Every structure is written in structure tokens, then in C-alpha cells.
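Everything below concerns the one structure shown next.
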Amino acid sequence: MSREKTKELLNQSVADLSKASALVHQVHWYMRGPGFMKLHPKMDELMDQLNGALDELSERLITIGGSPVSTLKEFDELSKIELEPADWNKSIAERIEEVVTAYKYLADLFEQGIEASDEEGDAVTSDIFTSAKGGLEKTIWMLESEIGRAPGL
Ligand SMILES: [Fe+2]
């Protein structure tokens, strides 16, 4: 079985998780204001989660015969997550909202990954996408709560 759509979505995820990690790093560095002392280290936790998912999805792609993108240029060209040079003019809530937007995009992408891998008969990849999506959704709930909103999932 060729699993072309599954491979394509795994590679899209590799690019997007890499860029999401850079976005969270930017938020980690550029936040200023009340909440810094707990949210600054929280961003380290989020990067660890993203990097864990990145490694797992990349290695699954290799396992099923694919080739993950692996350069910064490829990540940037393929990823649909937006990342602009930072300045100091955003509130912490605005920065958290950027992370939520990226996480919601990733959760949708992983849903597509679940559907494609199910269609192509790859239950293992579907399971990996499913647990990665569950982790993202839990984080979305927590981040939305931090800025006073319902998860909106
Ligand atoms: Fe740091």
C-alpha cells in the first residue's frame, strides 16, 4: 500500500510542528507582563510536547517508506503557520492567542491525518495522529482558559 495521502500529511505535520516550535520559542522570549513567571516556563513545556510529536511523526513517516523534510527552508516553505519577526508591543494574551491559532490549525491538520490514514488502512499512523491531536486539544483548553475563553473546539 502506497499511503501517499498519509505520507503527505505526515510531512506537512513535520513542517508545521517545526514552525510551531519556533513560534512558541518566540513567545517564550518576547513575553512581558503579568503572568511571565509561570507562562515563560510553560512555553518550554509546550516546545517539548511539539518536539516530541515532531519526532514521532517524522519517524513514523520514515517507517512507512517516506522522507521527512528536514531543512529550515523546507519547513518554512511548506508550513502554513505564520511567523513574523517579533517586537515588544504585544500583550501576553495576544501572544497566547497566536499559539492557540497555531494549535487549532495543527489539530485540524491532524484530523485530516486521522481521516487519510484510516482511508488508506494505516491504523498505526491514525493512532499516532489521534494521540497527538488529543494532546493539542488539552493544551488549547488550558491556553484558552488562561485568557478567559472556552476551548472553542
Ligand atoms: Fe528559555
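A short reminder: the numbers here are calculations on the coordinates, not readings from a lab. Note that the coordinates shown come from a computational prediction; the quantities given were computed from them, not determined experimentally. Counting neighbours? That spans all protein chains shown, and the Cβs are built from the backbone with ideal geometry, glycine included.
The table that follows gives values for the structure above.
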{"read-out": "Burial ordering of Thr71, Thr6, fewest other beta-carbon atoms within 10 Å first", "value": "Thr71, Thr6"}
{"read-out": "Cα-Cα over 26 Å, subset of Lys38/Lys80; Lys42/Lys73; Lys38/Lys73; Lys5/Lys42; Lys5/Lys73", "value": "Lys38/Lys80; Lys42/Lys73; Lys38/Lys73; Lys5/Lys42"}
{"read-out": "Estimated inter-spin distance, Asp55 and Ser131, nm [label 7 Å along Cα→Cβ]", "value": "1.4 nm"}
{"read-out": "Share of alpha-carbon pairs per 10 Å distance bin for the stretch 46-110, given as whole %", "value": "16, 45, 30, 8, 1"}
{"read-out": "Coil-residue GluC sites (Glu not before Pro) of the stretch 49-153, DSSP, other Cβ within 10 Å capped at 13", "value": "Glu82"}
{"read-out": "At most 10 other Cβ within 10 Å, DSSP loop - chymotrypsin sites (Phe, Trp or Tyr not before Pro), the stretch 21-107", "value": "Trp88"}
{"read-out": "Cα Rg, Dmax, the chain, angstrom units", "value": "15.8, 53"}
{"read-out": "FRET efficiency for Lys73 and Glu111, using Cβ-Cβ distance with R0 set to 30 Å, rounded to 0.05", "value": "0.65"}
{"read-out": "Difference of contour (0.36 nm per residue) and Cα-Cα distance, Lys38 to Glu4", "value": "8.0 nm"}
{"read-out": "Sequence-separation-based contact order of the stretch 4-146, relative, with Cα cut under 8 Å and 6+ spacing, percent", "value": "34 percent"}
